[in-house]
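What follows is a set of notes on a single structure, which appears directly below.
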Amino acid sequence: MRKVCVVVTARPSYSRIKTALQAIAAHPELELQLVVAASALLDRYGNTVAYIEKDGFDIAARVYMVLEGENLVTSAKSTGLGLVELATVFDNLRPDVVVTIADRYETLATAVAASYMNIPVAHVQGGEITGSIDEKVRHAVTKLSNLHFVASAQAAERVIRMGEPSDTVFLTGCPSIDLTLDVAENPGLTFDPYAKYGGVGSRPDLGDGYLVVMQHPVTTEHGLARQHVEETLWAVRDLGLPTLWFWPNVDAGADETAGGIRAFRERERPLNLHFFKNMTSTDFLRLITNGRCLIGNSSVGIRESAYLGIPVVNIGSRQQGRERGGNVIDVGHDRAAIVAAVRRQLQNGRYPPNPIYGSGNAGQQMAHLLATVPLTIEKRLTY
């Protein structure tokens, strides 16, 4: 049996790989070694590890690697700490292949540690364009990886153009679309978000519709994080519609984003806003499916929302260059522009589904490939 070590480091990482974890665990020729690390272990970022355990996964190792501060220095140091700790984990587990996800600093630490230990690396979601530090990390991880499980045809083309052999690049789609398919087939809101997840703030009536906000700091613009989130806060308050707002990821500027939210909440006491740390991937998808518009700069607005046809107002540069459907309106960090775009989306209503990032069977494809594709640590640039 091949031992497949998957490193999950954050709330979005888990939703991006959950169905692949299930498929690997169920595969008769694979042994899943699940490592949970970084913000996925921290309560203030939603305690993702609790959801992982509730889903029935055994955790082979936990890696605490997030330094306080959420700034450029702590991001760099957390990457180094993750590299040190993950090297020990891989030495103990002795996996046949390591799977790393997307474009976070922890992804880079995972790929570097495995590469220097002569362990083949499989990278999920390479070849995409977003700008910011994420794109640098993503392309660096591509060059450190031996297998590439990409989410779109354009991403596959880019990975091959970066010199990766075409027989190592597999167009699987994104595992998050597997979860989205289930929600699309059974879209009802089957839970009370207040009762199930608590949160803080007012509890506006959701019966006549609501908005959902998920906005993260932009690493290359971290000094503007508070100003950015305040523009969105004012816009949502001025719209006056019931709004469910989710906490940001652990990126440089996250302290300023969170501080801006807390200060606004205490100062303005908005009656239409409620704030959550986290919820299960499926519940979150049900929530946005039944909402009227998704606002912010999360990739869920670009990926899953395209498949579900959800109206999205994407703010700022965090998703710049990423393939998107017609369901997205892009605006800058300006409250008037945000309000105008949301009102336009409310008039537009739902959009036709667009399967840019897959058709719903990515997890099974990844497990099959991990069991059957030849594994190697050698690389040569092709051109």
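The values are calculated or read from the model by the stated rules, or taken from the named source; none is laboratory data. Given the structure is predicted, the values throughout are model-derived calculations rather than measurements. Using ideal geometry, Cβ is built from the backbone for each residue, glycine included, and neighbour counts are taken over all protein chains shown.
For this structure, a couple of remarks:
- Residue tally, condition in contact with a Gly (Cβ under 9 Å, 6 or more places away or on another chain), hydroxyl-bearing (Ser, Thr, Tyr) and without any contact (Cβ under 8 Å) to a residue 40 or more places away in the chain, over the range 105-122: 1
- Neighbours by Cβ (under 9 Å, 6+ apart or cross-chain): first from the range 155-175, within 13 Å of Ile356 (Cα to Cα); second among the acidic types (Asp, Glu) and part of a helix (DSSP H, G or I): Cys174/Glu304
- Taking residues in the range 274-299 that are in the same structural domain as His228 (by TED's automatic domain parsing), and partners anywhere that are in a loop (DSSP other than H, G, I, E, B) and among the β-branched types (Val, Ile, Thr), the pairs with Cβ atoms closer than 6 Å and at least 6 places apart or on different chains are Ile288/Ile310; Leu294/Ile310.
- Some residue of the range 47-70 being among the hydroxyl-bearing types (Ser, Thr, Tyr), surrounded by 19 or more Cβ atoms within 10 Å (Cβ to Cβ) and within 26 Å of Asp283 (Cα to Cα): yes
- Residue check: Gly321 meets all listed conditions (1) at pLDDT 95 or above; (2) outside any helix (DSSP H, G or I); (3) surrounded by fewer than 17 Cβ atoms within 10 Å (Cβ to Cβ) but one, namely (1).
- Residue match in the range 216-231 (condition: closer than 24 Å to Pro193 by Cα, surrounded by fewer than 21 Cβ atoms within 10 Å (Cβ to Cβ), touching a residue at least 60 places away in the same chain (Cβ under 8 Å) and of a type in the set (A, V, I, L, M)): no
- Pick from the range 1-29, criterion surrounded by fewer than 20 Cβ atoms within 10 Å (Cβ to Cβ) and in contact with a strand residue (DSSP E or B) (Cβ under 6 Å, 6 or more places away or on another chain), ranking: farthest from Phe90 (Cα to Cα): Ala25
- Put simply, of Leu294, Leu285 the only residue that is at pLDDT 95 or above and in a helix (DSSP H, G or I) is Leu285.
- Filtering Val183, Val236 for residues that are at pLDDT below 95, over 20 Å from Ser132 (Cβ atoms) and either outside the structural domain of Leu294 (by TED's automatic domain parsing) or buried (at least 21 other Cβ atoms within 10 Å of the Cβ) (or both) leaves a single hit, Val183.
- Set Asn272, Asn327: member being in contact with a Pro (Cβ under 7 Å, 6 or more places away or on another chain), more than 23 Å from Ala10 (Cβ to Cβ) and crowded, with 21+ Cβ neighbours inside 10 Å: Asn327
- Residues that are without any contact (Cβ under 8 Å) to a residue 60 or more places away in the chain and of a type in the set (A, V, I, L, M, F, W, C), drawn from the range 123-154: Val137, Ala140, Val141, Leu144, Val150, Ala153
- Annotation note: of Ala340, Ala371, the sole residue that is free of Cβ contacts under 8 Å to residues at least 12 places away in the same chain and surrounded by fewer than 18 Cβ atoms within 10 Å (Cβ to Cβ) is Ala340.
- Exclusive hit being under 19 Å from Glu378 (Cβ atoms), assigned by TED's automatic domain parsing to the domain that holds Thr19 and surrounded by fewer than 23 Cβ atoms within 10 Å (Cβ to Cβ), set Asn118, Asn146, Asn92: Asn118
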